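Here the structure is laid out as structure tokens; the discussion comes afterwards.
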Amino acid sequence: MYEERTPEEMLNELNRKREELTQKLEELQRQHEKGLISDEEYANESKKIQRELVEVMDRIVQMEFLSGYR
């Protein structure tokens, strides 16, 4: 069954996801700098993470706008 969440709960969840993706991107960069992953793998994975990060950040801005936080 669908559980209704408050705007604050949804924003908290989105902010957690943003932080998780940012950390994931930083870890990927560290692995690439150490030579643990190839340039191609780094490029492919970083694009995926960045794309998802942009989507999450867009949803955060939308939620803040719709909730009157900004």
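The values are calculated or read from the model by the stated rules, or taken from the named source; none is laboratory data. What you see is a predicted model, and the numbers here were worked out from it, not measured in a lab. Cβ coordinates were reconstructed from backbone atoms using ideal geometry, including for glycine residues, and neighbour counts include every protein chain displayed. Keep in mind that these areas ignore ligands, DNA and RNA; they rest on the heavy atoms of the full protein, side chains included. Shrake-Rupley method; radii C 1.70, N 1.55, O 1.52, S 1.80 Å.
Whenever a residue of the stretch 53-67 is in a helix (DSSP H, G or I), its partners that are surrounded by 12 or more Cβ atoms within 10 Å (Cβ to Cβ) and of a type in the set (V, I, T), lying with C-beta atoms within less than 9 angstrom and at least six residues away or across chains, give the pairs L53/T22.
Give the stretch 33-61 a look and list any residue that's open to solvent by 50 Å² or more (accessible area, probe 1.4 Å) and over 15 Å from the mean Cα position of the chain (by Cα), or say none.
E33, K34, G35, L36, S38, D39, E40, E41, Y42, N44
Select from the stretch 7-25 the residues that are open to solvent by less than 90 Å² (accessible area, probe 1.4 Å) and over 28 Å from S67 (Cα atoms) and list them in ascending order. Result: L25, single match.
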